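Okay, structure first, notes after.
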Amino acid sequence: MSSPEEQAFRLLTEYSNGFMVSQVLFAACELGVFDLLAEAPEPLGAAAVAARLGTSSHGTELLLDTCVSLKLLQVETKTGKALYQNTELSSIYLVRASPKCQGNMLRYLARTTYLCWGHLTQAVRDGRNQYLEAFGVPSDQLFSAIYRSEDERLLFMRGLQDVWSVSGRPVLGAFDLSPFPLICDVGGDHVAVNTCWGARRSHFPSTCHLSCAFPGCSGALAKECTSLYPACRVTVFDTPEVVRTAEKHFSFPEAARISFCEGDFFKDPLPEADLYLLARVLHDWTDERCSRLLARIRRACKPGGGVLVIESLLAADGRGPLTAQLYSLNMLVQTEGRERTPAQYRALLAAAGFRHVQCRRTGGLYDAILATR
């Protein structure tokens, strides 16, 4: 039995090495380790993996063995040779061919979020995001770093698809949304454009059905919604650049039920809807900006309409769960906002004129708040 002091030091060491764990995961994804092993007809040795990836034998063996300790890979020894294959975790979440693969979001975290977190100390001192220090982008241009190139914008949008492939159905099913046939998915940055069209550039329907608001909307949450609620239609409201990228790179089998609308949710008229979805949106903004957006949505709502807020909820005292606390620090280094408690969201929604507010924890990364007029 180790002493309490030894246990404390071991915990401290695990915390201080946490960034190394992230980099092991990022590197293995970037190199294509999990895809290679998924495609191989049998487990592979380190030399074979290195040869196929074009990496060093020494570095590859070290990486593979560390992935085994992290339960990302499993190993068996035959005739003195270590042979590697994917675990269930990596097969589900790290192999590109899996419908629940999180690889794009992990690449975004490695290329953008990780760099911002290198300036966390300064973010705490300044109380503002660190885009200027990390990317040379002014701190008030929240999405310029994410959208600093078309490739980065596409990566972020594909990352959101990854997120909603796992988390979309639980949050959309937290409440019965079938009474809301007209719903809107509100995204959008700050571009004062208001042109609407269908997913295949057909004429924009006279009645919207589902509207969601989050920057970088690829339509993934809209597709989850049309699958879960067959009678609904979805209008995705986002910036022109995002809309064009979505139409160019993403397929929409439900094209007749999903439409796109370009605009700025702080300035332009919102599409008509019974329900507005704000998924990972309010945590980007200050209370003042959240109040402005929610008031605009309240005015746009039909009688009996409302808004579904999808966010990671903090505990009532703000001291947990740890994942939500880390997300809140991430908002500090990347946005103007923060994660909030149920009471804080209730206050924002009530001030905007929503009288009936219900909060549901899903047990997953994201929770749901339904507020109606």
Each residue of the range 273-286 in order: what ³J(HN,Hα) in whole Hz does its phi give by Karplus 6.51 cos²θ - 1.76 cosθ + 1.60, θ = phi - 60°, with x for Gly and Pro? 6, 7, 9, 10, 9, 10, 9, 6, 10, 4, 5, 7, 10, 5
Amide hydrogen neighbours beyond the local backbone of Ala315, cut-off 5 Å, H modeled: Gly320
Once amide H atoms are placed 1.01 Å from N in the peptide plane, what residues at a sequence separation of 5 or more from Leu277, or on another chain, have their amide H within under 5 Å of its amide H? Cys184, Asp185, Val186, Ser211, Cys212, Ala213, Leu308
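For the range 10-86, with every protein chain kept in place, what is the accessible area per residue (1.4 Å probe, Å²)?
On the way: 4540 Å² over 77 residues.
With the other protein chains kept in place, the range 10-86 gives 59 Å² per residue.
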So the angle from the long Cα axis of helix 287-300 to the longest Cα principal axis of the chain, reported in degrees to the nearest 10, equals 50 degrees
Quick one: with all protein chains in place, what share of the accessible area of the chain is carbon or sulfur, to the nearest percent (1.4 Å probe)? 54 percent
Percent of C-alpha pairs per 10 Å bin, the range 22-179, short to long: 10, 30, 27, 22, 9, 2, 0
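Based on the alpha carbons, how large is the Rg to Rh ratio for the range 296-345 when Rh follows Kirkwood? Present the calculation step by step, with values, prior to reporting the outcome.
Details: Rg = 13.6 Å, Rh = 12.3 Å.
My calculation puts Rg/Rh at 1.10.
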Helix 57-69 sits at what angle to the longest principal axis of the chain, using alpha carbons and giving 0 to 90 degrees rounded to 10? 60 degrees
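For the range 218-373, what Kirkwood radius comes out of the mean inverse Cα-Cα distance, in Å?
Values: mean 1/r = 0.0610 Å⁻¹.
One decimal place: 16.4 Å for the Kirkwood radius.
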How big, in percent, is the set of alpha carbon pairs in the range 1-112 lying more than 20 Å apart? 45 percent
Report the Stokes-Einstein translational diffusion coefficient (µm² s⁻¹, integer) for the range 57-124, Rh taken as the Kirkwood radius over Cα pairs, at 4 °C with viscosity 1.567 mPa s. 91 µm²/s
Give the accessible surface of the range 265-334 per residue, rounded to a whole number of Å², with probe radius 1.4 Å and ligands, DNA and RNA excluded. 37 Å²
If amide H atoms are built 1.01 Å from N in the plane of the peptide, which residues on other chains or at least 5 residues away come under 5 Å of the amide H of Val234? His209, Leu210, Ile258, Ser259
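Over 15 Å apart: what share of the alpha carbon pairs of the range 241-285 falls there, rounded to a whole percent? Please report the intermediate quantities before stating the final value.
On the way: 603 of 990 pairs.
It works out to 61 percent of all Cα pairs.
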Would you kindly derive the ³J(HN,Hα) couplings of the range 355-368 from the backbone phi angles with the Karplus curve 6.51 cos²θ - 1.76 cosθ + 1.60 (θ = phi - 60°), listing them in order in whole Hz, with x for Gly and Pro? 8, 10, 10, 10, 10, 10, 8, 8, x, x, 5, 10, 10, 10
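Express in % the proportion of alpha carbon pairs of the range 102-153 at distances exceeding 18 Å. Walk me through the numbers on the way to the answer.
Numbers: 386 of 1326 pairs.
Roughly 29 percent, rounded to a whole number.
For the range 31-77, report the convex hull volume of the alpha-carbon atoms normalised per residue, in Å³, without decimals. Could the numbers behind the result be given before it?
Details: hull volume 3.4 nm³, N = 47.
Considering the Cα atoms of the range 31-77, their hull volume per residue is 72 Å³.
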Kirkwood Rh and Cα-based Rg: tell me the resulting Rg over Rh for the chain, rounded to two decimals. 1.01
In a solvent-free Debye calculation with one equal scatterer on each Cα, what is log10 I(q)/I(0) for the range 315-373 at q = 0.19, 0.21, 0.28 Å⁻¹, listed in the order of the q values? -0.76, -0.89, -1.18
Using only Cα atoms, tell me the angle between helix 4-16 and the longest principal axis of the chain; keep it within 0 to 90° and round to the nearest 10. 70 degrees
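The values are calculated or read from the model by the stated rules, or taken from the named source; none is laboratory data. Please read these numbers as outputs of a predicted model, since none were measured by experiment. Note: accessible area is taken over every heavy atom of the protein model, side chains too, but ligands, DNA and RNA are not part of it. Shrake-Rupley method; radii C 1.70, N 1.55, O 1.52, S 1.80 Å.
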